[in-house]
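I have placed the structure first, in the form of structure tokens, so that the comments after it can refer back to it.
What follows is calculated from the coordinates using simple rules that are stated; it is not laboratory data. All figures in this text were calculated on a predicted structure; none of them were measured in a lab. Neighbour counts run over all protein chains shown; Cβ positions are idealised from the backbone, glycine included.
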Amino acid sequence: MPDMPYQKAVLLGAGGFIGVHLARALTSTGIEVVCFDRVQSTEWPENAKVIVGDFNAVPDALLAEMENAMVFHLISISRPSPSTQHAADEIVNDVAGTLRYLEATRGCNLRWIYFSSGGTVYGQNDADVIIETSATDPISTYGIVKLTLERYFSLYHKLHQTDYVVVRPANPYGPGQSPFRGQGLIAALLHKALKKEGVEIWGDGENVRDYIYILDLVEGVLAAAVAGQSGEIYNIGTGQGYSINQLISSIKSALGCDLKVTYAPARSVDVRRNVLSIAKLTAHSGWQPQTSLAEGAMLTANWINEAFGTSPDVSTNKNKGIIE
């Protein structure tokens, strides 16, 4: 675990899958951890300070905690989707909301770590691996919002010397990830396989993604937070890609079970290939992922089996140990 440049960390959106794991990792360093979200999570470390509220209300108590702190910004109301129905709300809540904090903390001593997207900001890109300077051409409002906020952080860095780094994560997976939310393909496939249920895939199953185990992602985020150069962007992935069909084949082989697959029409929001180069973060910090896909998938499968069992009805325990 790297030495922290500040003795306090504030997590905006600490109740999600990444946020909970990040809060636990930060707590283990011995620094003060402040968890902020709309509701309190039972998954947060016991000794974390809790602030519950509306992000867009800009609570005074939250602003006060940001002084002399690392501020991890994970909040986003938008999700990758072909819909533009909520595009205006995404601008009001995600973009305008974040700008209020950037403006309010201009004179503060802090470092922002902004969670962007390792997939949607790049759009369609057929390169074997994507580097941080690759073209950005989002094909969803989610990607546009993430990229817009990256640009605003850059603007505040130039105009007001705001200290920040941007992290662009690949697709995280691991224990604690809900298989029911429409995000987290590996968790969903593992749950379906363990329940002996069929799965529907959008497209032909040949879309390729970079999947990173959650603890490796957290270590990469902390490496960027500590060693990242101010104003820089860092991909955090594995540098290796797997198609959905490869994932399915691997899961069937590892679990020794069948997984019936049906294919539906592809979605316009899904890019064909997205694999991230991690060379920049490795060069700046020495970080590299340690968990193979096979190992991480088995750890996730064991957790899913323990959390939900193998009975057909899991509706009564959908929240057992789930990090939403």
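What to note about this one:
- With q set to 0.13 Å⁻¹, the log10 of I(q)/I(0) for region 1-78, from the Debye formula over equal scatterers at the Cα positions, is -0.33.
- In the chain, taking the dipole from charged Cβ atoms about the Cα centre, the farthest positive-side position among Leu63, Ile18, Pro265 is held by Pro265.
- Maximal additional length on extending the Gln7-Ala264 stretch stands at 87.6 nm, based on 0.36 nm per residue less the C-alpha distance.
- Mean projected area in nm² (Cα convex hull; one quarter of hull surface) for region 44-129: 8.1
- Listed peptides 274-286, 108-120 by packing density, highest first (mean Cβ within 10 Å): 108-120, 274-286
- Remark: Asp137, Asp126 ranked as Asp126, Asp137, counting other beta-carbon atoms within 10 Å and listing the fewest first.
- Zone residues, region 200-217, relative to Arg181, backbone N less than 18 Å from point 7 Å out along Cα-to-Cβ: 211-217
- Amide H contacts of Gly123 (H built 1.01 Å from N, under 5 Å, at least 5 apart or other chain): Asp137, Ile139
- Asn109/Thr42 FRET efficiency (R0 30 Å; Cβ-Cβ; nearest 0.05): 0.40
- Relative contact order of the chain, pairs being alpha-carbon contacts under 8 Å that are 6 or more residues apart, as %: 19
- Value of Rg to Rh for region 35-82 (Rh from inverse mean 1/r over Cα pairs, i.e. Kirkwood): 1.00
- Cα-projected label distance for Gln229 with Cys257, points at 7 Å along beta-carbon direction, nm: 4.8
- Relative contact order (%) - criterion: Cα under 8 Å, at least six apart; region: region 1-118: 27
- Note, ³J(HN,Hα) from phi for region 3-9, Karplus 6.51, -1.76, 1.60, rounded to Hz, x at Gly and Pro: 6, 7, x, 10, 9, 8, 10
- Ratio of the Cα radius of gyration of region 65-115 to 2.2 N^0.38 Å, where N counts its residues: 1.34
- Distant-in-sequence amide contacts of Tyr164, defined by a placed amide H-H separation under 5 Å and a gap of 5 or more residues or a different chain, comprise Trp112, Gly231.
- Global geometry of the chain, whether rounded, prolate or oblate, following the gyration tensor of its Cα atoms and the 1.5 cut on a/c: prolate
- 3J(HN,Hα) from dihedral phi, region 92-104, Karplus parametrisation 6.51/-1.76/1.60, rounded to Hz, x for glycine, proline: 5, 7, 7, 6, 4, x, 5, 4, 4, 6, 4, 6, 5
- Most fluctuating residue given options Gly97, Gly296, Gly13, as computed from a GNM of the chain linking Cα atoms under 10 Å: Gly97
- Phi to ³J(HN,Hα) by Karplus 6.51 cos²θ - 1.76 cosθ + 1.60 over region 105-121, Hz, x for Gly, Pro: 10, 4, x, 8, 9, 7, 10, 7, 10, 9, 8, 8, 9, x, x, 6, 6
- Maximal additional length on extending the Asn302-Ala57 stretch stands at 84.2 nm, based on 0.36 nm per residue less the C-alpha distance.
- Note on Ala279 and Ser250: their simple-model spin labels are 2.3 nm apart, each label 7 Å out from Cα toward Cβ.
- Alpha-carbon spread of region 117-262, three principal axes, descending order, Å: 56, 28, 27
- Sequence ranges 201-207, 58-64, 211-217, ranked by mean other-Cβ count within 10 angstrom, highest first: 211-217, 201-207, 58-64
- Each 5 Å bin from 0 upward holds the following percent of the Cα-Cα pairs of region 75-173: 2, 12, 23, 23, 19, 13, 6, 2, 0.
- Ala283 sits among other residues whose Cβ lies under 15 Å from its own Cβ, and their net charge, with Lys and Arg +1 and Asp and Glu -1, is -1.
- The calculated 222 nm mean residue ellipticity attributable to helices in the chain amounts to -10000 deg cm²/dmol, summing -39500 (n - 2.57) over DSSP H runs of n ≥ 4 and dividing by all residues.
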